[in-house]
Amino acid sequence: MGLDKSVIRSVSARAAWAAATALTVVMTFGISAASAAESVLTMHIEEQSSWVQNFNPFDLAGRRQSTMDFIYEPLVIFNAQDGGKPVWRLATSYKFSDDMMSITYELRPGAKWSDGQPLTSADVKYTIDLMLKNAALDTVGVGETVASVEAPSPTEVTIKLKAVNSDFPESLADLAVVPQHVWKDVSDPVAFKNEKPIGSGPMTEVRRFTPQVYEQCRNPDYWDAASLHVDCLRLPQISGNDQMLAILPEGNMDWIGSFIPEIDKTFVALDADHNGYWQPPAETVAFQMNFKSKDEGNLEAYKDLNFRHAFSLAMDRKSMVDIAGFGYPVVNEHASGLPPRFEGWRNKAAEGDKDAFMGFDTEKASKILDDAGYKKGSDGFRTTPSGKPINFPIIVPNGWTDWIDAVQIAVEGLRAAGINASVTTPEYEQWRKQILDGSFEVVMNSRADGATPFRGYYQSLSTAYAGRVTGAPSRYSNPKLDALFDQYLKATSDDDHKKIFNDIQLLVAEDFPVVPVFNGPTWYQFSSKRFTGWVTDKDPVMNPEDHDNNRMRLMHLLRLKPVQ
Amino acid sequence: MRVSGRRLGVYAVALAFAIVMNFILPRLMPGTPVDAMVAQLGPRATPAAVEAIKARFGAVDQPVLLQFVDYMKGLATFDLGVSVKYYPQTVVQVLSRSTIWTIFLVVTAIIFSLSVGVVLGAISAWRRGGRFDTIISPLAVVMISVPPVIVGLTTLFMFGVSLRWLPVGYAYDPNLDPGLNFTFAGSVFIHAIMPVLTLSPFLIGEFQTTMRSSMISVLGEDYVTMGRAKGLSHLSVMFGYGARNAMLPVLTNLALMLGAVFGGSIVTEIVFNYPGLGLTLYTASIARDYPVIQGQLLLMTLATLGANFLVDIIYGFIDPRLRDAV
């Protein structure tokens, strides 16, 4: 940026009159702040070019991202930063039956909806039944797991499962319980905008809504009101990263979840006493090859462990992190791909010599390929041991510039090892479609984790999910791994879960189905000018991200207190 | 004053062409709006939910002819469908809230630039070769050639980010409620300054250049000489005799430039997060929101045709020779 401070100063000196005028005008047309008695927290949780008043929790695409947690409180939240321990919210406990085929939740007595009506087990039953009856509303997958729901007493909900599943409570953590007395009159719940929501969370009152800003304020009947010190959330519309950069100097944002390039210069330096960030590594990003590829040569290569090892050795992970990712991601050096946030689950046996192929060494990669019979042709590119050509594009969505750069770095490494790879950047919808219909060759993708590392592995590497969701593009299928997943789902004690997951890690590290490269960052920045209680790297007790995928953001909100 | 049937015929054909192209183009592109909608659901949607939503919105498997009939029916009733990005808002709702801001921006920029450009052009011609002309005329050429995105980013960085004199986004202060009062109008005015200034250099340059050359040829006419001979003041000859008649090519130019002005406003709105059609089109393109893109292209075609039509009529007023002949 061309203007240094002295230039700015001389410009402003000459134009002092204009500045004064502009200031006067701004002050005259006065922007009256909310009354001083109220504590209003300004936050940025999603990027949109205009707000649409939609608080329908079942509308994944259209709902405002402040709907979950803040309007609809979960039954229970599992804190990944605390070994996946439950934080009880609308529920106070749950218990599996002896045969593990049903689970009973005990609800918090005295919980109310924001219109003062009691929140009972009938509401929970109604919500799950609504999703069972109407698949388009099924945002948590109850259609696959739940057989039926009963409400034996006002505070008890019993859910009968289709199969043994100790992971069920975690999947239900995304459930938004809605009030039966309101929703029973909604004729079309898919298209319902729910403009004046009645909810159970801390911030249910939509006081003001315009295309440019909206305010979500205190629930008058919140059961945990004693813990809540923020009166209103103020959400200004922000269309993208550039807009964010322009707005930051105003110093009005309190809780931010944004990609900010050169964050120390562009954000922290603006107000070093108050501005801070903590961007701990999140999900693992890995290269996935299509094990059902229709290209015979490519398929032969993907299925060969030697090829996958060579692929991994061609990855310059450090450049991907430093150059493509602005230094924000963290290199993942483990063949098991275990994300750093699950440090407590680490199995040492799945590391050490198992990680021998996680460095960057194209010579070693070439040697592995030479030894395995991948001969170089006259064009410098290798063919499979049976003589078929290898030639694949790696797809990455158009516009995801950091990822495109990372894939570009991967391709350079692969070509140096004699593998004919290239980059293709289809539009996001096309990228997604290719992943789901299996017409792609290789893709770089992240997988969603849960409160424990289990969900990420299960939903990306089990036969049950192969090719069905975007997190499982590789279509990998391994009976041994499936058996371990099954054991895990049937296990009930934490010790058993840990033991089985050790075996899962080991097996994944050995068979190396996907090529882990790095862990993307969590997006979290804050200002302590108006509020205190922010989670930092010195006090890493929970995921502080304010985006819709992090239920713990509710607990984070309850930590915040206005500065006196 | 009337517009000839032949002229109206040209407009009708252009409109029909635009309507048909508007129908065909999105169907030539890969993917459907339903794909885009499903993609927006993200990884949390279960396959069953995705199928249910596809079934619910995916009525795209009918023959093209039937689709065309539906499309025409929709046009006739101002039903342009539902936005994918802003679902469940309709395309008409999305476009109507954006249109007003773009019109405000474009009209303000045109009026401002027209006044400045025409006066600059007239003076340059009146004093051609003088010091004023030798500075302003080359400057105008420079102004034409600098793209709005450069002007926008520079303005934003200087006055918005560095000096912080002017707001960097929105059409008015988000804390205010729209209304007919001084506070709100003032906020709209302040928020429009940078976007209007961004759109203006190009327009001012164009108007100055066109006005100057047109004025020079008018100044050679006998009636200007006569005006001078009558001893009228410089100002009345310059504007009453010269500028008034030299305006015609400027107006033609304006009609031709409307497309460019809208193009410039797209960039400007994106830079300043101004909630007009440009920002909407940009967002819609990224989200593959075909219904909105389609609606907007149609709207822009109508606007351009309408503006040309309007210029035809204004011509009749300004140029007495054309009053019966247009």
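Some observations on this one:
- Both radii are taken from the alpha-carbon atoms of region A:203-283; with Rh as the Kirkwood radius, Rg/Rh is 1.03.
- Per-atom-type breakdown for the protein assembly as shown gives carbon and sulfur 60% of the accessible area (1.4 Å probe, protein chains only).
- Helix B:64-76 vs. chain B, principal-axis angle (Cα, 0 to 90°, nearest 10): 50 degrees
- Tilt relative to chain B, helix B:5-28 - C-alpha long axis, 0 to 90 degrees, to 10: 40 degrees
- Cleavage-rule hits (GluC sites (Glu not before Pro)) in region A:276-370: DSSP loop, at most 14 neighbouring Cβ within 10 angstrom: A:Glu333
- Length gained when the stretch A:Asp188-A:Lys160 is fully extended (0.36 nm per residue, less Cα-Cα span): 7.4 nm
- A loss of 50 Å² or more of accessible area (1.4 Å probe, protein heavy atoms, ligands and nucleic acids excluded) relative to the isolated chain is seen in these residues of region A:222-249: A:Gln243, A:Ala246, A:Pro249.
- Rg followed by Dmax, in Å, when chain A is reduced to its Cα trace: 25.9, 81
- Pair-distance distribution P(r) for region B:107-196, from all Cα-Cα distances in 10 Å bins starting at 0: 15, 32, 31, 17, 5, 0 percent.
- Protection-proxy order for peptides A:66-75, A:352-361, each taking the mean of Cβ atoms within 10 Å per residue, highest first: A:66-75, A:352-361
- Summing both sides, the accessible surface hidden between B and A at a 1.4 Å probe radius is close to 5000 Å².
- Positive-end residue, the protein assembly as shown charge dipole about Cα centroid, Cβ charges, pick of B:Phe207, B:Thr99, A:Thr492: B:Phe207
- Helical runs (DSSP H, four residues minimum) scored at -39500 (n - 2.57) apiece and divided by the length of the protein assembly as shown put the mean residue ellipticity at 222 nm at -14000 deg cm²/dmol.
- Accessible area in square angstrom per residue, region B:97-176, 1.4 angstrom probe: 46 Å²
- Of B:Val13, B:Val188, B:Val267, the residue with the greatest mean-square motion in the GNM of chain B, using alpha carbon springs below 10 Å, is B:Val13.
- Choice from B:Asp289, B:Asp312, B:Asp70 with maximal GNM fluctuation in chain B (Cα, 10 Å cutoff): B:Asp70
- Whole-number D in µm² s⁻¹ for region B:36-147, Kirkwood Cα-pair radius fed into Stokes-Einstein, 4 °C, 1.567 mPa s: 67 µm²/s
- For region A:157-262, the calculated P(r) over all alpha carbon pairs, in 10 Å bins from 0 to the bin holding the longest distance, is 10, 27, 32, 22, 8, 1 percent.
- Here region A:424-564 is treated with +1 on each Lys and Arg Cβ and -1 on each Asp and Glu Cβ, and its dipole about the Cα centre works out to around 600 debye.
- For chain B, the longest principal axis of the C-alpha atoms and the axis of helix B:244-271 are separated by about 30°.
- For peptide B:284-290, the mean count of partner chain Cβ atoms within 10 Å of a residue's Cβ comes to 2.
- Residues in region A:388-436 that, when all protein chains are in place, have 10 Å² or more less accessible area than the chain alone would give (probe 1.4 Å): A:Glu427, A:Tyr428, A:Glu429, A:Gln430, A:Arg432, A:Lys433
- Choice from B:Arg228, B:Arg56, B:Arg27 with maximal GNM fluctuation in chain B (Cα, 10 Å cutoff): B:Arg56
- Remark: chain A carries 39 Å² of accessible area per residue (probe radius 1.4 Å; ligands, DNA and RNA excluded).
- For region A:39-124, alpha-carbon Rg and Dmax in angstrom: 16.4, 51
- In chain B, Cα pairs under 8 Å separated by at least six residues give a relative contact order of 28 percent.
- Debye log10 I(q)/I(0) at q = 0.07 Å⁻¹ for chain B, Cα point scatterers: -0.40
- When the other protein chains are added to the chain by itself, burial of at least 10 square angstrom of heavy-atom accessible area (probe 1.4 Å, ligands and nucleic acids ignored) affects these residues of region B:179-202: B:Phe182, B:Thr183, B:Gly186, B:Ile190.
- Calculated SAXS-style log₁₀ I(q)/I(0) at q = 0.25 Å⁻¹ - region A:439-481, Debye, Cα scatterers: -0.86
- Convex hull projection area averaged over all views, region A:424-564, Cα basis, nm²: 11.6 nm²
- Taking 24 Å as the straight-line reach from the Cα of A:Lys160, the lysines in range (excluding those fewer than 8 positions away in the same chain) are A:Lys85, A:Lys95, A:Lys125, A:Lys133, A:Lys184, A:Lys490.
- About the Cα centre, charge dipole magnitude for region A:369-419 (Lys/Arg +1, Asp/Glu -1 at Cβ), debye: 300 debye
The values are calculated or read from the model by the stated rules, or taken from the named source; none is laboratory data. In this text, all values refer to a predicted model and were calculated from it rather than measured experimentally. Cβ: placed from backbone, ideal geometry, glycine included. Neighbour counts: every protein chain shown. In case anyone asks, the SASA skips ligands and DNA or RNA and just uses the protein heavy atoms, side chains included. Shrake-Rupley method; radii C 1.70, N 1.55, O 1.52, S 1.80 Å.
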